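This report concerns only the one structure given below.
The values are calculated or read from the model by the stated rules, or taken from the named source; none is laboratory data. Since the structure is predicted, the reported quantities are computational estimates derived from the model, not experimental observations. For neighbour counting, all protein chains shown are included, and Cβ atoms are generated from backbone atoms with ideal geometry for every residue, glycine included.
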Ligand code: NAD
Ligand code: GLY
(Lines give C-alpha, C1' and ligand atoms only; values in the text may rest on other atoms or scores of the structure.)
(Ligands and ions follow the chains in the order given, each with its own letter.)
Protein backbone atom coordinates (compact mmCIF):
# COMPACT_ATOMS: atom_id res chain seq x y z
CA UNK A 1 0.00 0.00 0.00
CA UNK A 2 1.30 3.46 -0.91
CA UNK A 3 0.45 6.40 1.30
CA UNK A 4 0.59 10.13 0.63
CA UNK A 5 -0.32 12.85 3.10
CA UNK A 6 -2.21 16.02 2.32
CA UNK A 7 -0.57 18.28 4.89
CA UNK A 8 -3.10 20.74 6.24
CA UNK A 9 -2.29 20.90 9.96
CA UNK A 10 -5.05 19.38 12.08
CA UNK A 11 -7.09 18.76 8.90
CA UNK A 12 -4.32 16.69 7.29
CA UNK A 13 -5.37 13.36 5.86
CA UNK A 14 -3.89 10.33 4.14
CA UNK A 15 -4.41 9.11 0.60
CA UNK A 16 -4.06 5.32 0.58
CA UNK A 17 -3.42 3.53 -2.72
CA UNK A 18 -3.94 -0.25 -2.94
CA UNK A 19 -4.42 -2.84 -5.67
CA UNK A 20 -7.48 -4.17 -3.88
CA UNK A 21 -9.48 -3.46 -0.71
CA UNK A 22 -7.61 -4.73 2.34
CA UNK A 23 -8.24 -5.23 6.02
CA UNK A 24 -5.68 -2.51 6.67
CA UNK A 25 -7.84 -0.06 4.67
CA UNK A 26 -10.82 -0.86 6.88
CA UNK A 27 -8.73 -0.23 9.96
CA UNK A 28 -7.55 3.10 8.58
CA UNK A 29 -11.15 4.11 7.83
CA UNK A 30 -12.09 3.33 11.44
CA UNK A 31 -9.17 5.41 12.71
CA UNK A 32 -10.02 8.31 10.38
CA UNK A 33 -13.56 8.56 11.76
CA UNK A 34 -13.29 8.35 15.56
CA UNK A 35 -16.67 8.24 17.33
CA UNK A 36 -18.52 7.65 14.06
CA UNK A 37 -21.66 5.52 14.58
CA UNK A 38 -23.35 5.75 11.18
CA UNK A 39 -21.92 5.66 7.66
CA UNK A 40 -23.94 6.75 4.63
CA UNK A 41 -22.54 5.34 1.43
CA UNK A 42 -23.38 7.49 -1.61
CA UNK A 43 -23.04 6.23 -5.19
CA UNK A 44 -25.11 5.89 -8.35
CA UNK A 45 -26.79 2.80 -9.83
CA UNK A 46 -23.86 1.86 -12.13
CA UNK A 47 -21.21 2.16 -9.43
CA UNK A 48 -23.59 0.64 -6.89
CA UNK A 49 -24.09 -2.45 -9.04
CA UNK A 50 -20.36 -2.90 -9.65
CA UNK A 51 -18.71 -1.82 -6.42
CA UNK A 52 -21.16 -1.20 -3.57
CA UNK A 53 -21.00 -4.73 -2.17
CA UNK A 54 -17.17 -4.57 -2.02
CA UNK A 55 -17.32 -1.17 -0.34
CA UNK A 56 -20.00 -2.28 2.13
CA UNK A 57 -17.92 -5.34 2.99
CA UNK A 58 -14.95 -3.03 3.66
CA UNK A 59 -17.01 -0.62 5.74
CA UNK A 60 -18.77 -3.39 7.71
CA UNK A 61 -15.48 -4.47 9.21
CA UNK A 62 -15.40 -1.09 10.99
CA UNK A 63 -18.48 -2.27 12.91
CA UNK A 64 -20.49 0.84 12.02
CA UNK A 65 -24.16 0.96 10.95
CA UNK A 66 -24.36 1.57 7.17
CA UNK A 67 -27.08 3.11 5.00
CA UNK A 68 -26.84 3.63 1.26
CA UNK A 69 -28.09 6.33 -1.11
CA UNK A 70 -28.06 6.25 -4.89
CA UNK A 71 -28.05 9.54 -6.76
CA UNK A 72 -28.60 10.00 -10.51
CA UNK A 73 -25.66 9.39 -12.82
CA UNK A 74 -23.68 11.93 -14.81
CA UNK A 75 -22.67 15.59 -14.76
CA UNK A 76 -26.28 16.78 -15.00
CA UNK A 77 -26.80 15.33 -11.49
CA UNK A 78 -24.41 17.91 -10.07
CA UNK A 79 -27.15 20.29 -8.98
CA UNK A 80 -28.74 21.56 -5.78
CA UNK A 81 -31.83 19.32 -6.15
CA UNK A 82 -29.69 16.21 -5.83
CA UNK A 83 -27.84 17.63 -2.81
CA UNK A 84 -31.21 18.43 -1.27
CA UNK A 85 -32.26 14.82 -1.82
CA UNK A 86 -29.16 13.71 0.15
CA UNK A 87 -29.96 16.15 2.99
CA UNK A 88 -33.59 14.90 3.09
CA UNK A 89 -32.25 11.36 3.50
CA UNK A 90 -29.86 12.40 6.28
CA UNK A 91 -32.66 14.13 8.20
CA UNK A 92 -35.12 11.26 7.70
CA UNK A 93 -32.50 8.81 8.98
CA UNK A 94 -31.68 10.89 12.05
CA UNK A 95 -28.09 11.51 11.03
CA UNK A 96 -26.07 13.46 13.55
CA UNK A 97 -22.58 14.95 13.80
CA UNK A 98 -21.40 11.39 14.56
CA UNK A 99 -22.54 10.31 11.11
CA UNK A 100 -20.13 10.37 8.19
CA UNK A 101 -20.67 10.28 4.43
CA UNK A 102 -18.75 7.96 2.12
CA UNK A 103 -18.41 8.94 -1.55
CA UNK A 104 -18.09 5.84 -3.71
CA UNK A 105 -17.68 6.91 -7.32
CA UNK A 106 -16.23 9.46 -9.68
CA UNK A 107 -15.93 13.21 -9.42
CA UNK A 108 -19.68 13.76 -9.63
CA UNK A 109 -20.48 11.56 -6.62
CA UNK A 110 -17.45 12.94 -4.76
CA UNK A 111 -18.24 16.62 -5.37
CA UNK A 112 -21.90 16.16 -4.37
CA UNK A 113 -21.11 14.05 -1.30
CA UNK A 114 -18.45 16.48 -0.11
CA UNK A 115 -20.79 19.45 -0.49
CA UNK A 116 -23.62 17.64 1.30
CA UNK A 117 -21.18 16.84 4.15
CA UNK A 118 -19.84 20.41 4.25
CA UNK A 119 -23.29 21.87 4.91
CA UNK A 120 -25.13 19.19 6.92
CA UNK A 121 -25.16 20.32 10.56
CA UNK A 122 -22.53 22.91 9.53
CA UNK A 123 -20.13 20.18 8.51
CA UNK A 124 -19.81 16.46 9.13
CA UNK A 125 -16.99 14.08 8.24
CA UNK A 126 -16.73 12.38 4.89
CA UNK A 127 -14.31 10.06 3.16
CA UNK A 128 -13.63 9.41 -0.50
CA UNK A 129 -13.55 5.97 -2.16
CA UNK A 130 -12.83 7.11 -5.75
CA UNK A 131 -13.62 4.71 -8.60
CA UNK A 132 -12.60 6.70 -11.71
CA UNK A 133 -9.06 7.66 -12.67
CA UNK A 134 -10.10 11.31 -12.57
CA UNK A 135 -11.43 11.07 -9.04
CA UNK A 136 -8.37 9.11 -7.87
CA UNK A 137 -5.83 11.62 -9.15
CA UNK A 138 -7.74 14.85 -8.84
CA UNK A 139 -11.28 15.40 -7.57
CA UNK A 140 -11.14 13.34 -4.37
CA UNK A 141 -8.03 15.19 -3.20
CA UNK A 142 -8.03 18.81 -2.07
CA UNK A 143 -11.49 19.49 -0.66
CA UNK A 144 -13.15 21.31 -3.55
CA UNK A 145 -16.79 20.26 -3.31
CA UNK A 146 -19.92 21.57 -4.96
CA UNK A 147 -22.39 21.60 -7.81
CA UNK A 148 -22.99 23.42 -11.07
CA UNK A 149 -25.32 26.36 -11.68
CA UNK A 150 -27.20 26.21 -14.98
CA UNK A 151 -25.10 29.19 -16.12
CA UNK A 152 -21.69 28.15 -14.79
CA UNK A 153 -19.79 25.10 -13.64
CA UNK A 154 -18.83 24.40 -10.02
CA UNK A 155 -19.83 27.86 -8.81
CA UNK A 156 -21.89 26.67 -5.83
CA UNK A 157 -19.71 24.88 -3.31
CA UNK A 158 -17.40 24.81 -0.35
CA UNK A 159 -13.86 23.87 0.56
CA UNK A 160 -14.34 20.85 2.80
CA UNK A 161 -11.60 18.29 3.18
CA UNK A 162 -12.26 14.55 3.46
CA UNK A 163 -10.84 12.67 6.46
CA UNK A 164 -9.36 10.00 4.20
CA UNK A 165 -9.02 9.09 0.54
CA UNK A 166 -8.92 5.35 -0.03
CA UNK A 167 -8.00 4.29 -3.58
CA UNK A 168 -8.67 0.73 -4.68
CA UNK A 169 -7.02 0.51 -8.12
CA UNK A 170 -9.00 -2.67 -8.82
CA UNK A 171 -12.15 -0.57 -9.37
CA UNK A 172 -10.58 0.84 -12.57
CA UNK A 173 -11.01 -2.56 -14.23
CA UNK A 174 -14.73 -1.88 -14.79
CA UNK A 175 -14.27 1.73 -15.89
CA UNK A 176 -15.09 2.36 -19.58
CA UNK A 177 -11.96 3.29 -21.51
CA UNK A 178 -13.33 6.69 -22.51
CA UNK A 179 -13.76 7.55 -18.80
CA UNK A 180 -10.23 6.33 -18.10
CA UNK A 181 -8.99 8.57 -20.91
CA UNK A 182 -10.87 11.53 -19.51
CA UNK A 183 -9.09 11.05 -16.17
CA UNK A 184 -5.78 10.67 -17.94
CA UNK A 185 -6.08 14.27 -19.15
CA UNK A 186 -5.70 15.40 -15.51
CA UNK A 187 -2.69 13.10 -15.15
CA UNK A 188 -1.05 14.79 -18.16
CA UNK A 189 -1.95 18.13 -16.59
CA UNK A 190 -0.01 17.27 -13.44
CA UNK A 191 3.11 16.46 -15.45
CA UNK A 192 2.93 19.68 -17.45
CA UNK A 193 2.41 21.97 -14.47
CA UNK A 194 4.89 20.48 -12.03
CA UNK A 195 7.10 17.57 -13.02
CA UNK A 196 8.93 16.98 -16.31
CA UNK A 197 10.24 13.58 -15.11
CA UNK A 198 6.67 12.44 -14.43
CA UNK A 199 5.59 13.70 -17.89
CA UNK A 200 8.44 11.71 -19.48
CA UNK A 201 7.32 8.61 -17.57
CA UNK A 202 3.83 9.05 -19.06
CA UNK A 203 5.28 9.40 -22.56
CA UNK A 204 7.30 6.23 -22.04
CA UNK A 205 4.69 4.07 -20.29
CA UNK A 206 1.55 5.06 -22.14
CA UNK A 207 0.78 1.53 -23.38
CA UNK A 208 1.29 -0.03 -19.95
CA UNK A 209 -0.95 2.64 -18.41
CA UNK A 210 -3.80 1.99 -20.86
CA UNK A 211 -3.47 -1.76 -20.43
CA UNK A 212 -3.93 -1.16 -16.69
CA UNK A 213 -0.61 -2.64 -15.64
CA UNK A 214 -0.94 -2.53 -11.85
CA UNK A 215 2.59 -1.46 -10.97
CA UNK A 216 2.58 1.33 -13.58
CA UNK A 217 -0.88 2.49 -12.55
CA UNK A 218 0.13 2.62 -8.92
CA UNK A 219 3.14 4.76 -9.84
CA UNK A 220 1.02 7.08 -11.99
CA UNK A 221 -1.79 7.51 -9.45
CA UNK A 222 0.67 8.03 -6.60
CA UNK A 223 2.67 10.53 -8.68
CA UNK A 224 -0.39 12.59 -9.51
CA UNK A 225 -1.71 12.47 -5.94
CA UNK A 226 1.70 13.57 -4.70
CA UNK A 227 1.70 16.59 -7.02
CA UNK A 228 -1.86 17.54 -6.12
CA UNK A 229 -1.27 17.02 -2.37
CA UNK A 230 1.83 19.21 -2.45
CA UNK A 231 0.03 22.05 -4.25
CA UNK A 232 -3.06 21.86 -2.00
CA UNK A 233 -0.90 21.73 1.15
CA UNK A 234 0.74 25.01 0.11
CA UNK A 235 -2.44 26.80 -0.97
CA UNK A 236 -5.67 25.15 0.16
CA UNK A 237 -8.01 28.03 -0.79
CA UNK A 238 -6.52 28.86 -4.18
CA UNK A 239 -5.18 32.25 -3.24
CA UNK A 240 -2.14 31.68 -5.45
CA UNK A 241 -0.30 28.49 -6.35
CA UNK A 242 -3.36 26.19 -6.48
CA UNK A 243 -4.61 28.04 -9.55
CA UNK A 244 -1.98 26.15 -11.58
CA UNK A 245 -4.25 23.09 -11.24
CA UNK A 246 -6.61 24.93 -13.55
CA UNK A 247 -4.27 24.45 -16.50
CA UNK A 248 -6.48 23.58 -19.49
CA UNK A 249 -9.64 24.50 -17.60
CA UNK A 250 -10.20 28.04 -18.95
CA UNK A 251 -11.14 26.80 -22.41
CA UNK A 252 -12.05 23.32 -21.10
CA UNK A 253 -14.82 24.52 -18.77
CA UNK A 254 -16.24 26.77 -21.48
CA UNK A 255 -16.60 23.98 -24.03
CA UNK A 256 -17.92 21.59 -21.37
CA UNK A 257 -20.59 24.16 -20.49
CA UNK A 258 -21.43 24.80 -24.15
CA UNK A 259 -22.05 21.06 -24.44
CA UNK A 260 -24.55 21.47 -21.57
CA UNK A 261 -22.32 19.37 -19.29
CA UNK A 262 -23.43 16.24 -21.10
CA UNK A 263 -21.79 15.73 -24.46
CA UNK A 264 -18.18 16.51 -23.48
CA UNK A 265 -16.43 14.82 -20.57
CA UNK A 266 -14.49 16.99 -18.12
CA UNK A 267 -11.12 15.53 -19.12
CA UNK A 268 -11.92 15.85 -22.82
CA UNK A 269 -12.56 19.57 -22.36
CA UNK A 270 -9.36 19.87 -20.33
CA UNK A 271 -7.36 18.07 -23.04
CA UNK A 272 -8.43 20.57 -25.70
CA UNK A 273 -7.94 23.41 -23.21
CA UNK A 274 -4.37 22.29 -22.46
CA UNK A 275 -3.45 22.40 -26.14
CA UNK A 276 -5.13 25.80 -26.54
CA UNK A 277 -3.21 27.20 -23.54
CA UNK A 278 0.08 25.76 -24.81
CA UNK A 279 -0.50 27.30 -28.24
CA UNK A 280 -1.39 30.66 -26.67
CA UNK A 281 1.77 30.45 -24.58
CA UNK A 282 3.87 29.80 -27.68
CA UNK A 283 2.29 32.73 -29.52
CA UNK A 284 3.18 34.95 -26.56
CA UNK A 285 6.78 33.67 -26.76
CA UNK A 286 6.47 32.02 -23.35
CA UNK A 287 7.29 28.49 -24.50
CA UNK A 288 8.94 26.82 -27.47
CA UNK A 289 7.21 24.89 -30.25
CA UNK A 290 8.60 21.59 -28.88
CA UNK A 291 6.62 22.05 -25.64
CA UNK A 292 3.37 22.48 -27.58
CA UNK A 293 4.28 19.52 -29.72
CA UNK A 294 4.99 17.17 -26.77
CA UNK A 295 1.76 18.12 -24.99
CA UNK A 296 -0.29 17.74 -28.18
CA UNK A 297 1.38 14.43 -29.05
CA UNK A 298 0.74 12.86 -25.64
CA UNK A 299 -2.90 13.96 -25.76
CA UNK A 300 -3.25 12.60 -29.28
CA UNK A 301 -1.59 9.27 -28.40
CA UNK A 302 -4.08 8.94 -25.53
CA UNK A 303 -6.93 9.30 -28.07
CA UNK A 304 -8.15 12.42 -26.31
CA UNK A 305 -9.57 15.23 -28.48
CA UNK A 306 -7.07 17.73 -29.83
CA UNK A 307 -9.56 20.04 -31.52
CA UNK A 308 -12.68 21.91 -30.43
CA UNK A 309 -16.07 20.42 -31.24
CA UNK A 310 -16.82 21.62 -34.78
CA UNK A 311 -20.22 23.09 -33.87
CA UNK A 312 -18.75 25.78 -31.59
CA UNK A 313 -17.74 29.26 -32.65
CA UNK A 314 -14.67 30.99 -31.21
CA UNK A 315 -16.96 33.83 -30.11
CA UNK A 316 -19.26 31.51 -28.15
CA UNK A 317 -16.26 29.97 -26.35
CA UNK A 318 -14.84 33.43 -25.58
CA UNK A 319 -18.22 34.63 -24.29
CA UNK A 320 -18.63 31.54 -22.12
CA UNK A 321 -15.17 31.99 -20.62
CA UNK A 322 -16.29 35.36 -19.23
CA UNK A 323 -18.72 33.53 -16.90
CA UNK A 324 -15.98 31.44 -15.35
CA UNK A 325 -14.68 31.75 -11.78
CA UNK A 326 -11.25 32.37 -13.27
CA UNK A 327 -12.29 35.79 -14.65
CA UNK A 328 -11.02 38.75 -12.62
CA UNK A 329 -11.87 42.38 -13.52
CA UNK A 330 -13.25 41.16 -16.83
CA UNK A 331 -9.90 39.57 -17.70
CA UNK A 332 -9.74 35.87 -18.42
CA UNK A 333 -7.02 34.09 -16.46
CA UNK A 334 -4.93 31.48 -18.24
CA UNK A 335 -2.42 28.98 -16.88
CA UNK A 336 0.28 28.88 -19.56
CA UNK A 337 3.09 26.33 -19.79
CA UNK A 338 6.56 27.84 -20.05
CA UNK A 339 8.08 24.39 -20.57
CA UNK A 340 7.23 20.84 -19.48
CA UNK A 341 6.97 20.94 -15.68
CA UNK A 342 6.43 24.67 -15.25
CA UNK A 343 3.64 27.16 -15.82
CA UNK A 344 2.85 30.82 -15.35
CA UNK A 345 -0.52 32.46 -14.69
CA UNK A 346 -1.47 35.36 -16.94
CA UNK A 347 -4.53 37.56 -17.29
CA UNK A 348 -3.19 39.65 -20.16
CA UNK A 349 -3.72 37.26 -23.07
CA UNK A 350 -4.94 39.41 -25.97
CA UNK A 351 -8.52 38.35 -26.91
CA UNK A 352 -7.47 38.26 -30.56
CA UNK A 353 -4.76 35.68 -29.71
CA UNK A 354 -7.35 33.52 -27.94
CA UNK A 355 -9.76 33.86 -30.87
CA UNK A 356 -7.01 33.10 -33.37
CA UNK A 357 -5.93 29.97 -31.50
CA UNK A 358 -9.54 28.80 -31.17
CA UNK A 359 -10.12 29.33 -34.90
CA UNK A 360 -6.98 27.31 -35.59
CA UNK A 361 -8.32 24.51 -33.41
CA UNK A 362 -11.51 24.00 -35.35
CA UNK A 363 -13.89 26.79 -34.36
CA UNK A 364 -15.75 28.51 -37.21
P1 LIG B 1 -18.23 10.85 -13.24
O2 LIG B 1 -18.22 10.98 -11.79
O3 LIG B 1 -19.40 11.34 -13.99
O4 LIG B 1 -17.97 9.33 -13.61
C5 LIG B 1 -17.90 8.97 -14.96
C6 LIG B 1 -18.81 7.77 -15.27
O7 LIG B 1 -18.17 6.59 -14.86
C8 LIG B 1 -20.15 7.80 -14.60
O9 LIG B 1 -21.10 7.36 -15.50
C10 LIG B 1 -19.98 6.80 -13.46
O11 LIG B 1 -21.19 6.21 -13.09
C12 LIG B 1 -19.05 5.80 -14.07
N13 LIG B 1 -18.18 5.08 -13.15
C14 LIG B 1 -17.52 5.55 -12.09
N15 LIG B 1 -16.69 4.63 -11.60
C16 LIG B 1 -16.84 3.53 -12.34
C17 LIG B 1 -16.23 2.26 -12.35
N18 LIG B 1 -15.25 1.94 -11.52
N19 LIG B 1 -16.65 1.36 -13.27
C20 LIG B 1 -17.61 1.67 -14.18
N21 LIG B 1 -18.19 2.88 -14.25
C22 LIG B 1 -17.81 3.80 -13.34
O23 LIG B 1 -16.95 11.58 -13.89
P24 LIG B 1 -15.47 11.86 -13.37
O25 LIG B 1 -14.67 12.03 -14.59
O26 LIG B 1 -15.03 10.89 -12.36
O27 LIG B 1 -15.60 13.26 -12.62
C28 LIG B 1 -15.95 14.43 -13.32
C29 LIG B 1 -16.41 15.45 -12.33
O30 LIG B 1 -15.34 15.74 -11.42
C31 LIG B 1 -16.81 16.76 -12.93
O32 LIG B 1 -18.02 17.15 -12.37
C33 LIG B 1 -15.71 17.71 -12.52
O34 LIG B 1 -16.16 19.03 -12.39
C35 LIG B 1 -15.31 17.14 -11.22
N36 LIG B 1 -13.96 17.51 -10.79
C37 LIG B 1 -13.81 17.97 -9.52
C38 LIG B 1 -12.56 18.29 -9.05
C39 LIG B 1 -12.39 18.72 -7.62
O40 LIG B 1 -11.30 19.16 -7.27
N41 LIG B 1 -13.40 18.60 -6.80
C42 LIG B 1 -11.44 18.16 -9.88
C43 LIG B 1 -11.63 17.67 -11.17
C44 LIG B 1 -12.90 17.35 -11.63
N1 GLY C 1 -9.02 20.60 -9.94
C2 GLY C 1 -8.55 21.87 -9.49
C3 GLY C 1 -8.30 21.95 -8.03
O4 GLY C 1 -8.53 21.02 -7.30
O5 GLY C 1 -7.90 22.98 -7.55
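Here are a few things to note about the model shown:
- Only one of 187, 221 that is crowded, with 23+ Cβ neighbours inside 10 Å, modelled with pLDDT of 95 or more and in contact with a strand residue (DSSP E or B) (Cβ under 8 Å, 6 or more places away or on another chain): 221
- Selection of segment 253-294 for residues being closer than 13 Å to residue 333 by Cβ and modelled with pLDDT under 95 yields 253, 254.
- Exclusive hit being away from ligand 1 (no atom under 11 Å from the Cβ) and modelled with pLDDT of 95 or more, set 233, 182: 233
- In segment 105-123, the residues that are away from ligand 2 (no atom under 16 Å from the Cβ) and surrounded by fewer than 24 Cβ atoms within 10 Å (Cβ to Cβ): 119, 120, 121, 122, 123
- Count of residues meeting criterion [part of a strand (DSSP E or B) and either over 20 Å from residue 265 (Cβ atoms) or in contact with a helix residue (DSSP H, G or I) (Cβ under 7 Å, 6 or more places away or on another chain) (or both)] in segment 153-201: 9
- Residue ID - nearest to residue 123 (Cα to Cα), chosen from residues in segment 141-152 that are in a loop (DSSP other than H, G, I, E, B) and within 10 Å of ligand 2 (Cβ to nearest atom): 143
- Filtered residues of segment 238-265 (kept if away from ligand 1 (no atom under 13 Å from the Cβ), in contact with a strand residue (DSSP E or B) (Cβ under 6 Å, 6 or more places away or on another chain) and not in a helix (DSSP H, G or I)): none
- Any hit, segment 191-203, residues being within 17 Å of the chain's Cα centre (by Cα) and without any contact (Cβ under 8 Å) to a residue 60 or more places away in the chain: no
- Here is the figure for segment 314-347: residues that are out of contact with any helix residue (DSSP H, G or I) (no Cβ under 6 Å at 6 or more places or on another chain), at pLDDT 85 or above and assigned to a loop (DSSP other than H, G, I, E, B) total 2.
- Residues of segment 127-140 include none that is more than 6 Å from ligand 1 (Cβ to nearest atom), touching a helix residue (DSSP H, G or I) at 6+ places or on another chain (Cβ under 9 Å) and at positive phi.
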